[in-house]
Amino acid sequence: MTATTFSRKQSLAEVHRMLGFERRYSSGFEGLLELEPLTEAERQEVSQIREDFDQYLVEGQVLEGMVKILSLLPLLRLAGFYRHPLKLHLEERVSQIEVEDEEKVIKGRLD
């Protein structure tokens, strides 16, 4: 008889240990995009962003807001998206929607 394990109840680190997975990182992503070479300080910052994100990822579930805080926002800062003349604007509110189709009502958010 096969034992069933529900991944929702385990952290990513536990699943990796159970399956014998190991993290392996590529030496860079320059070949995927045409970018100016990163400075040593930028490389260190990108490595720190990855390490911070990885720590949260292996310890449990990382929701959309955490992805933004841990990786997207630091990368935008590093890329200069907060500097003049660029300006960020956030949506004031996520719209709630309701769709009725025959006997069914579907409620949700439009993001």
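Could you sort the peptides 34-46, 79-91 by per-residue average Cβ neighbour count (10 Å cutoff), highest mean leading?
Answer by packing, highest mean first, reads 34-46, 79-91.
Would you calculate the separation in nanometres between label points at Met66 and Leu86, each defined as 7 Å from the Cα along the Cα-to-beta-carbon direction?
Those two pseudo-labels are separated by 2.7 nm.
Multiplying the sequence separation of Glu40 and Leu78 by 0.36 nm and subtracting their Cα-Cα distance, what value in nm do you get?
12.4 nm
Could you work out the equivalent-ellipsoid semi-axes for region 7-86, taking the square root of 5 times each eigenvalue of the Cα gyration tensor, largest first, in whole Å?
Those come to 28, 17, 9 Å.
Any chance you could run the full-extension gain for Asp54 through Glu98? It's 0.36 nm times the residue separation minus the Cα-Cα distance, nm to one decimal.
Between Asp54 and Glu98, full extension yields an extra 12.2 nm.
As I understand it, the dipole of region 7-86 uses +1 on the Cβ of Lys and Arg and -1 on the Cβ of Asp and Glu, about the Cα centre. Which of Gly65, Tyr25, Leu86 lies farthest toward its positive end?
Towards the positive end, the residue furthest out is Gly65.
Bear in mind that the values in this text are calculations on the coordinates, not laboratory data. These figures come from a predicted structure and were not determined experimentally. Glycine gets a Cβ as well: all are built from the backbone with ideal geometry, and neighbour counts include every protein chain shown.
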